[in-house]
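A short worksheet on the structure shown next.
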Amino acid sequence: MTLGSLPRPTIPGVSLANLQSQMPPPGETGRRGSLAFRNSPPKRRHSKGAQSPSGAPGGCTRGSNFQPNPLGWAGLGGVGLPPAGAHKRSGRAAGRSRWGAMALREWLLWALPSADPGAWIVLLGVLLLSWLALRPLRLLRGPDEVGYAGEAGCSRAEAARRARRSRRIGQLPPVYPNGWFRLLDSAQLARGEVRNVAALGEQFAVFRNSDGKVCVVDAYCPHLGANLGIGGQVVGSCIECPFHGWQFDGESGKCVRIPYAEKVPEFAKIKVWPSCEVSDMILVWYHCDGIDPTWRVPDREEFLPRPCPFRGLTEHFVNVHIEEIPENGADTAHLSFLHRHAFLSGADLRYMHSPFWTFFRHHWQADWHPDPEPNAHCSRLQLKHNITLFGKHFSFMDLRVSAWQVGPSLVFLVLRFPLLGQGIIVQSVTPVQPLMQQVIHRIYFQKNVPAFIAKMVLRAECSQFERDVMIWNHKQYLSKPLLVKEDGAIQRHRRWFSQFYGEKSPKITSQKESLDW
Ligand code: FES
Ligand SMILES: [Fe+2]
């Protein structure tokens, strides 16, 4: 998040108009009421040998030599996973920042001499609320936390274990389709850092070399099998194994150094996986036949070309086959049933019918279709969403969504509200086990819209998504579902998705082959 994206802070008792009205003519220095002002350079009063209250020599008078930003205002909101380049600020943003620093400084000039504890409580309250309102949302749900029906005498974790053990999985398609998959967020991998990621039935060592480029290699060292992602070190463009110190180049995979050997064998190599960084994500290309990427992943700005700062993310683990998650978009009939209840009534399917919330209804219209060549690996969902309260439609809450599915695992959802502005949600689905998907939603929203709006939108989306999670966690995959004419898009989606499987795509035939999470 950039400081420039922060809404202008409001501090009780201090406004720009207020400050301007209290400014003295040029050259005059003085104090009006309790608000100190000064528009000429302050005179520093030093008394030789005197000590300041902090013990530092100089004995400067309180209120005459404050640092411009003593509480580090510019640091507020800098938490979470900010997007790359978050430090860049526009001139306008810098102006807002100067205004914020000035307002804070004037507040301190007023509050300090008055020594009013109430003023300090208000200031701390404002700072705390600003921090809470501005920092990106992070909703991280564990594997057992969402979508299981825990009840008295049975914890949710126990309910999750029972559901996984007793479930019939059906005749599944292959479990790892071909395509690009998110392994990490860009911000999770600093220069020179190495991480081990388990996904798609593989162990990856992901590292950022000294030039800042991300490399993904097989985690297991071909020498004696140590895991390079656990304790490996980045040396220039190479990764060094923690066991015997062999070094492998991150781009060619070649072993370039064996510390105790005279010669490095020509065949000493490690597998390198094609990777890229797009929309603050580190992606890996997986293909069952080992062929190179056949399409690229667009950046989110190609879908919504306007500055949209990062406003938050959610993470879920869903116990389902990967294909069922995008199929949800083609299953347009479920929207008007499962997702009609107010998002405020919660995600638990057993309680969302609460009569209390019947005055609040979601209404959906959807159309799904695959894209033609050369984008046959993409599909598109157009959604119209309305809300009624007590049967009355409020058009200012209408929402239009254009969702582009790019390959088997990535979706870019462009959101357009008539009053609240525009934003984009990037969804990634990564199989961390054959039937366990890590699903991440990242929201970016129009810069001049307060951050809490984007966070509210993400929370609402999260609540609706968690209803799907509860269905997915318990359902069986039906290879021959009983469909009616209006379900036609589901069959078309299955045909479209089958392009991501190959002869050698890994399959499982029983729940036992899918390791328990
Ligand atoms: S196991 Fe990696 S260098 Fe020996
Ligand atoms: Fe859904």
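Heads up, I need the accessible area for E373: 1.4 angstrom probe, whole protein in place, Å², nearest 10.
140
For a quick protection proxy, order the peptides 172-180, 397-405, 491-499 by their average other-Cβ count within 10 Å, most packed first.
Most protected by this proxy first, the peptides run 172-180, 397-405, 491-499.
Going from most exposed to least, what order do M102, M470, M456 have by accessible area with a 1.4 Å probe?
Accessible-area ranking of M102, M470, M456, largest first: M456, M102, M470.
Testing the spin-label approximation: label points 7 Å from Cα along Cα→Cβ at Y351 and I291. State their distance in nm.
5.1
For segment 242-346, report the accessible area per residue in Å² (1.4 Å probe, heavy atoms, rounded to an integer).
I get 44 Å² per residue for this part.
Expressed as a whole number of Å, what is the distance separating the alpha-carbon centroids of segment 377-406 and segment 448-487?
For segment 448-487 versus segment 377-406, the Cα centre distance is 13 Å.
Take the solvent-accessible surface of the protein heavy atoms, probe 1.4 Å, and return the percent of it on segment 179-278 that carbon and sulfur atoms account for.
Answer for segment 179-278: carbon and sulfur cover 50 percent of the accessible area.
Counting only protein chains, not ligands or nucleic acids, how are F303, F243 ordered by accessible area (probe 1.4 Å), most first?
F243, F303
Say a paramagnetic label sat at a point 7 Å from the Cα of M397, along Cα to Cβ; which residues of segment 404-447 have their backbone N under 14 Å from it?
Label zone hits: 418-420.
If the chain between E486 and F390 were fully stretched, how many nm would it gain, using 0.36 nm times the residue separation less the Cα-Cα distance?
The E486-F390 span can extend by a further 31.7 nm.
I'd like the accessible area for T332: 1.4 Å probe, protein heavy atoms, all chains in place, Å² to the nearest 10.
40
Work through the residues other than G312 whose Cβ is under 14 Å from its Cβ and net out their charges, Lys, Arg +1 and Asp, Glu -1.
That sum, taken over residues with Cβ under 14 Å, equals +3.
If you take every residue apart from R380 with its C-beta less than 11 Å away from the C-beta of R380, what net charge results, scoring Lys and Arg +1 and Asp and Glu -1?
-2
Under 10 Å from the Cβ of G421, count the other residues' Cβ atoms, weight Lys and Arg +1, Asp and Glu -1, and hand me the total.
+3
Protein chains only, probe 1.4 Å: how do L200, L344 rank by accessible area, largest first?
L344, L200
Grab the beta carbon distance between V122 and K447, set R0 = 30 Å, and tell me the FRET efficiency rounded to 0.05.
0.60
How much of S479 can a 1.4 Å solvent probe reach, expressed as accessible area in Å² and rounded to 10?
60
The values are calculated or read from the model by the stated rules, or taken from the named source; none is laboratory data. In this text, all values refer to a predicted model and were calculated from it rather than measured experimentally. Here the Cβ is made from the backbone with ideal geometry for all residues, glycine too, and neighbour counts use every protein chain on show. Surface areas here come from the heavy atoms of the whole protein model, side chains and all, with no ligands, DNA or RNA. Shrake-Rupley method; radii C 1.70, N 1.55, O 1.52, S 1.80 Å.
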